[in-house]
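Have a look at the structure below, then the notes.
The values are calculated or read from the model by the stated rules, or taken from the named source; none is laboratory data. As the structure is a computational prediction, the values presented were derived from the model and not from experiment. Note: ideal-geometry Cβ built from the backbone for every residue, glycine included; neighbour counts use all protein chains shown.
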Amino acid sequence: MGVKISEIAQRANVSTATVSMVLNNKPGISEATREKVIKIAKELGYSVPPFKKASHRNMGKIQLAIYRKHSKVVSDTPFFHALIEGIESKAGQYSYQLIIKYLSDDSDIDSIKKEIRDNSIDGMLLLGTEMEEKDFEKFVRMDVPVLLLDSCFMNINANYVVIDNVSGLYKATKYLLEKGHREIGYLKSSIPIQNFRERYEGYLKALAEANLTPNVKHTIPLLPTMDGAYEDMVRVLSRKPHLPTAFVADNDIIAFGAMKALKEFNVKIPDEVSIVGFDDMPFCTITEPKLTTINVDKNALGQLAVENLIYIMEREKRIFFKTTLGVTLVERDSVKTIT
C-alpha cells in the first residue's frame, strides 16, 4: 500500500494541504517546512522527484496566530483543519510564506511584536474564535496590518472576516417552525464565545417573528466538546425533564454529544425530538440519523481571510471593513414534520 499524504502530514505536524504543496513544488512554504516534509516523505518510502529550485518570487510573510483561550472550541477538529488548509493554499497561491504561531492569555504582546519585527512579518491573520473583546484590544496597535478571523467586536475599529452566525441560526429555527415545531429548545455552549452569542440572536429573532417566547427550561448549557456535551446532557436527562419537540445547537459537536445521550435514554430522533446543528462537519453524514445542519464553507472562509489581509497589506491608506461569509441550510434526516 502506498504512503498516504495524511501520514506524512501527521508525522510532520502540518496540514495535508501543506504536504501537497511541497510534493508539487508549489510556492508559499518555508524552506524549513519544505525540507522537513521531504525528509519525512522519503523516510516513509514516498518517491520524491528531484525538484529544481523554485523560481517563484516570495512576496513576503504572513503570520497565522491561533489564539487559544481554553481550547474547548479551537481544537483538532475537521472545521479548523479545513479552515487552515484554505489559509495555507491561498497564501501559497499569492506566494506568501505562512508562519503559524499559537497564542494564549499568557502571551506577552511586546514579545509578539518583537518576533514580528525579527521575522520580517508583513501581516497577521489572528484566529480569534475563542477571544473576548478585551483579549483583542491589545492587538489593534500592532506594527503590521492585522485581520481578525472568526470573531468580531463592534466597539473596535478593525478588519474582520466572519461567518453569518445570526442568519445561520435564524434559518435553522425558521426551518423548524416551517416543519410545524413550536417548542424549540437551544443546546447552548456553556463556554461563551462571540459566534455563539450571535447564533443565539438568530434563534431569538426567528421565535420573535413567530410570536413565540423561548422557554428558559429548554435552553440547555452543554460543554462544546463531544464528550462534555454528552456527559452534560446525560445529567440533564437523568432528571427526566419535559423535552421540546426540537432543538437547535450552537454547533454540530454539541449536537452530536446531545444525540448520543438522547439515544441512551431511548429518546427517538427525529420522531420524538428533532435536532439541527451548525457547521456541517463530516460526521453529519455518518451519524444516525444524518444531521440537518447549517453549512459553513470552512475552506472558503480561510481563503477569504488571506485575500482580505493581503488587500489591506497592499494599501497605503488605513481602512476598516468586515466581510461576512454566507451560510446555507442542509436538509438531512434529523427533523420531523409535525402536522
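Checking VAL146, VAL161, VAL166 one by one, the residue that is over 30 Å from THR213 (Cα atoms), touching a helix residue (DSSP H, G or I) at 6+ places or on another chain (Cβ under 6 Å) and buried (at least 17 other Cβ atoms within 10 Å of the Cβ) is VAL161 and no other. Just to be sure before I move on: is TYR175 of a type outside the set (A, V, I, L, M), within 28 Å of HIS218 (Cα to Cα), at pLDDT 95 or above and in contact with a helix residue (DSSP H, G or I) (Cβ under 7 Å, 6 or more places away or on another chain) in the structure I sent? It is false that TYR175 is of a type outside the set (A, V, I, L, M), within 28 Å of HIS218 (Cα to Cα), at pLDDT 95 or above and in contact with a helix residue (DSSP H, G or I) (Cβ under 7 Å, 6 or more places away or on another chain). Considering VAL248, VAL306, the condition of being of a type outside the set (S, T, N, Q) and either under 30 Å from GLN63 (Cα atoms) or part of a loop (DSSP other than H, G, I, E, B) (or both) is satisfied by VAL306 alone. Find the helices (runs of 4 or more DSSP H) located wholly in the stretch 1-62 whose residues include 2 or more that are modelled with pLDDT under 80, and list them. By residue number, 16-23, 31-43. Residues in the stretch 78-136 that are of a type outside the set (Asp, Glu), under 15 Å from VAL146 (Cβ atoms) and assigned to a loop (DSSP other than H, G, I, E, B): SER107, ILE121, GLY128, MET131. Residues in the stretch 260-282 that are surrounded by fewer than 19 Cβ atoms within 10 Å (Cβ to Cβ), at pLDDT 95 or above and not in a loop (DSSP other than H, G, I, E, B): LYS260, LYS263, GLU264.
Of the residues in the stretch 107-122, none is surrounded by 22 or more Cβ atoms within 10 Å (Cβ to Cβ), in contact (Cβ under 8 Å) with a residue 24 or more places away in the chain and not β-branched (Val, Ile, Thr). Considering every residue within the stretch 161-169, establish whether at least one is acidic (Asp, Glu) and part of a helix (DSSP H, G or I). No: the stretch 161-169 contains no residue that is acidic (Asp, Glu) and part of a helix (DSSP H, G or I).
Would you confirm whether or not the stretch 299-307 contains a residue that is of a type in the set (S, T, N, Q) and more than 20 Å from LYS171 (Cα to Cα)? Don't jump to the end; show me each part of the working.
Let us first name the residues in the stretch 299-307 that are of a type in the set (S, T, N, Q), namely 299, 303.
Among the residues that remain, those that are also more than 20 Å from LYS171 (Cα to Cα) are: 299, 303.
Yes - at least one qualifying residue is present in the stretch 299-307.
For the list (1) surrounded by 18 or more Cβ atoms within 10 Å (Cβ to Cβ); (2) without any contact (Cβ under 8 Å) to a residue 40 or more places away in the chain; (3) farther than 30 Å from ARG318 by Cβ, I need the number of the one condition that VAL216 fails. The failed condition is (1). For the stretch 223-240, the criterion of a residue being in a loop (DSSP other than H, G, I, E, B), assigned by TED's automatic domain parsing to the domain that holds VAL273 and among the polar types (S, T, N, Q) is satisfied by at least one position.
One line per residue, one yes/no per condition, for (1) touching a residue at least 40 places away in the same chain (Cβ under 8 Å); (2) in contact with a strand residue (DSSP E or B) (Cβ under 8 Å, 6 or more places away or on another chain); (3) of a type in the set (Lys, Arg):
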{"site": "ALA249", "(1), (2), (3)": "yes, yes, no"}
{"site": "ALA258", "(1), (2), (3)": "yes, yes, no"}
{"site": "LYS263", "(1), (2), (3)": "no, no, yes"}
{"site": "VAL267", "(1), (2), (3)": "no, no, no"}
{"site": "GLU272", "(1), (2), (3)": "no, no, no"}
{"site": "PHE278", "(1), (2), (3)": "yes, yes, no"}
{"site": "LEU309", "(1), (2), (3)": "yes, yes, no"}
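Exactly one residue out of ALA255, ALA300 is outside any loop (DSSP other than H, G, I, E, B) and buried (at least 16 other Cβ atoms within 10 Å of the Cβ), and it is ALA255.
Taking the conditions exactly as written (outside the structural domain of CYS284 (by TED's automatic domain parsing), surrounded by fewer than 17 Cβ atoms within 10 Å (Cβ to Cβ) and under 30 Å from PRO282 (Cα atoms)), does GLN97 satisfy them or not? Criteria not met by GLN97.
Condition check ((1) of a type outside the set (Val, Ile, Thr); (2) farther than 14 Å from ASN295 by Cα; (3) out of contact with any Gly (no Cβ under 6 Å at 6 or more places or on another chain)) across all residues:
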position	(1), (2), (3)
LYS240	yes, yes, yes
PRO244	yes, yes, no
ASP250	yes, no, yes
ILE253	no, no, yes
PHE256	yes, yes, yes
MET259	yes, yes, yes
VAL267	no, yes, yes
GLY277	yes, no, yes
ASP280	yes, no, yes
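Cβ separations smaller than 8 Å between residues 6+ apart or across chains give the following pairs from the stretch 195-212 residues that are within 12 Å of GLU183 (Cα to Cα) to residues that are outside any helix (DSSP H, G or I) and hydrophobic (A, V, I, L, M, F, W, C): LEU207/ILE184; LEU212/ILE184.
If the condition is being touching a Lys or Arg at 6+ places or on another chain (Cβ under 7 Å), aromatic (Phe, Trp, Tyr) and within 19 Å of MET313 (Cα to Cα), then the stretch 139-186 contributes only TYR160.
Does any residue of the stretch 192-199 turn out to be modelled with pLDDT of 95 or more, buried (at least 18 other Cβ atoms within 10 Å of the Cβ), β-branched (Val, Ile, Thr) and under 24 Å from ALA261 (Cβ atoms)? Scanning the stretch 192-199, I find no residue that is modelled with pLDDT of 95 or more, buried (at least 18 other Cβ atoms within 10 Å of the Cβ), β-branched (Val, Ile, Thr) and under 24 Å from ALA261 (Cβ atoms), so the answer is no.
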